[in-house]
Amino acid sequence: MNAPAPLGLLAELTHRCPLACPYCSNPLKLEDRADELDTTGWADVFRQAVAMGVLQVHLSGGEPASRRDLIEITRAASDAGLYTNLITSAIGLDADRLGRLKTAGLDHVQVSIQDTDPTGSDRIAGYDGAHGRKLAFAEAVTGLGMALTINAVIHRANIDHLTTLVDLAASLGAGRVEIAHAQYYGWALRNRDALMPTRAQIDRAMQELDRLQARYAGRLAIDSVLPDYYARRPKPCMGGWGRRSLNITPSGLVLPCHAAQTIPGLAFWSVRDRSLADIWTHSPAFEAFRGTAWMKEPCRSCEFRELDFGGCRCQALAIAGDAAATDPSCDLSPLHGRIQALAQQAAAEQATEYAYRGRPMRTGVAPIVS
Ligand code: SF4
Ligand code: SF4
């Protein structure tokens, strides 16, 4: 089918990260530093993306600050004409490096905050002292007059702290706060029993968010995403597969979404071998679930199929064992009861130990990379 022009590009510059969040969206098998695209490779990708119609790039990771050439990469993205957004844990950045990123053309910064309680925040990040450094960096962002968004991934241990999280974002001068529940594939699926909130927590959180959105109306934008396991209808994941955005891994593989590698049998093409436009238009991985022709019932004949595109393919695989199935978070799916039961079971487990992304709890101070 004809592919629409993409608007956004998520550039995973590296899978290296000083933190080890147990809900990290990076794959279970992380890519090696030796395989990462170099500065020239990323600059070429950005020029190709702009030629295709892409407007903004999210410089992400892992921790993008782990790249010594982050400033050069940012300049290349800006010079290509992209709006540049840095998604960072803040570890590996300071006001000096931030100033140089701003000079290089950085437009916007998103800083992840794990919790408002420093101990809980450092525990989920797997890094002592991370919380204080995040706050100092966020203040540096607004101190330089740059636009700031605070990201908070929500789970059982911090969902009762929404008010203090939003208040903290406001006090840091953020213009937006994104409250996103953990998405259960990859690392988060492995940690589901330790992360899943209870139904009662979700209900309280939704009421709290309504109050917060009313209180901060006109001052702070509060975006929130309900956890799929407790939803009635699925989200239009990625705005539709291969429809609006693409994701490039550190080594140059082009994915329709960051979790697409969890789906067996999909072949991902690389920017090392083919043009980005060729991959976007013809790659079997993008073609597999683009549009609606691949859908089975009940999606195939559903009035919402052009609105939510059947939900998340990775979640369909994780729960139904079939990436072409209706996302079980939809109450029209025959497996909707299963996902609700899984949520109840996971929440009832009350597990407290995390499987950290690739390593045990670590202490010490990460260097600033310059
Ligand atoms: S989610 Fe945590 S571990 Fe994963 S890249 Fe972000 S800061 Fe690093
Ligand atoms: S049946 Fe499919 S298209 Fe219809 S609402 Fe559910 S997920 Fe969306």
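Key figures for this structure:
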| quantity | calculated |
| --- | --- |
| Placed amide H near Q110: partners under 5 Å, 5+ positions off or other chain | L86, I87, T88, T149 |
| From phi via Karplus (6.51, -1.76, 1.60), per-residue ³J(HN,Hα) for the stretch 222-228 in Hz, x at Gly/Pro | 10, 9, 9, 10, 5, x, 4 |
| Segment T281-R199, extension gain: residue separation times 0.36 nm, minus the distance between their alpha carbons | 25.4 nm |
| Max mean-square fluctuation residue, GNM over the chain, Cα-Cα springs under 10 Å, options D38, D203, D322 | D203 |
| Beta bridges by DSSP in the chain, antiparallel share as percent, to the nearest 5 | 10 percent |
| Hz values of 3J(HN,Hα) by residue in the stretch 127-143 - Karplus curve (6.51, -1.76, 1.60), Gly and Pro given as x | 7, 5, x, 5, 4, x, 5, 5, 5, 4, 5, 4, 5, 5, 4, 6, x |
| Rounded D (µm²/s) - the chain, Kirkwood Rh over Cα pairs, Stokes-Einstein at 20 °C, 1.002 mPa s | 102 µm²/s |
| Whole-Hz ³J(HN,Hα) from phi, Karplus 6.51 cos²θ - 1.76 cosθ + 1.60, for the stretch 279-296, glycine and proline x | 5, 4, 7, 10, 4, x, 5, 6, 5, 4, 10, 6, x, 10, 5, 7, 5, 9 |
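All of the numbers you see were taken from the coordinates with simple rules; none came from a lab. Everything quoted here is computed from the prediction, not taken from an experiment.
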